[in-house]
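To start, the structure itself, in structure tokens.
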Amino acid sequence: MNNIIWKVKTFDELSTEELYQIIRARVDVFVVEQNCPYQDLDNYDQLAIHLWAEKDAEVMAYCRIFDKAIKYPETSIGRVITTQKARGTGLGRQLIAYAVQIIENRLKTQDIRISAQDYLIKFYSDFGFRDTGKKYLEDNLPHTEMVRK
């Protein structure tokens, strides 16, 4: 995919337009596509590092990153999406690779815990995440807790 711009910002650094585009992309994927009504605005965005790829001011891939002791004792990555337009382009793999780099470089750790939708276990294992065996339903979707050390 050409003309991709990668951005990394804290909540306070986000412009109103960037925040709007991020929320729009998350709602498009999680609520509309996955038919999963859930509380997206959970008061954690203010504590996150936001990482995304955009093309022509539209979010193509996104995740939020948390330091230790916010979501888990370890750092974590969440709200991971690749929009419909960007699927199959490799942006999702780049997104996770960059997220891991940000955690290692900015947050100075390799310990990461995630809540992965079950169909993505293989995808995350390619980045060194291991299945903890903890399985659960989150918003009626099967998830597995995974760690990377």
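Computed from the C-alpha gyration tensor, the three semi-axes of the ellipsoid equivalent to segment 53-136 are 22, 16, 11 Å, from longest to shortest.
In Å, the Kirkwood hydrodynamic radius of segment 5-148 over pairs of distinct alpha carbons?
Kirkwood radius, segment 5-148: 15.4 Å.
For the pair Tyr44 and Val32, the difference between a 0.36 nm per residue extended length and the Cα-Cα distance amounts to 2.2 nm. Taking every lysine pair in the chain that is 8 or more places apart or spans two chains, those with Cα atoms closer than 21 Å amount to 21. What the phi angles of segment 50-59 give under the Karplus curve with 6.51, -1.76 and 1.60, with θ = phi - 60°, is a coupling list of 9, 10, 7, 10, 10, 9, 6, 6, 10, 6 Hz, glycine and proline written as x. In the chain, helical runs assigned H by DSSP with n ≥ 4 each contribute -39500 (n - 2.57); averaged across all residues and rounded to the nearest 500, the mean residue ellipticity at 222 nm is -6500 deg cm²/dmol. In summary, the convex hull built on the alpha carbon positions of segment 72-115 has an orientation-averaged projected area of 3.3 nm².
For segment 77-83, the Karplus equation 6.51 cos²θ - 1.76 cosθ + 1.60, evaluated at θ = phi - 60°, returns couplings of 10, x, 6, 6, 9, 10, 6 Hz by residue, with Gly and Pro reported as x.
For segment 12-76, what is the per residue volume of the convex hull drawn over the alpha-carbon atoms, in cubic angstrom?
Numbers: hull volume 6.2 nm³, N = 65.
Hull volume over Cα atoms, normalised by residue count, gives 96 Å³.
Residue exposure proxy: Asp67, Asp56, ordered by other Cβ atoms within 10 angstrom of their Cβ from fewest to most, comes out as Asp56, Asp67.
Bear in mind these aren't lab numbers, they're just calculated from the coordinates by the rules spelled out. This structure is a prediction, so every number in the text was calculated from the model and none was measured. Note: ideal-geometry Cβ built from the backbone for every residue, glycine included; neighbour counts use all protein chains shown.
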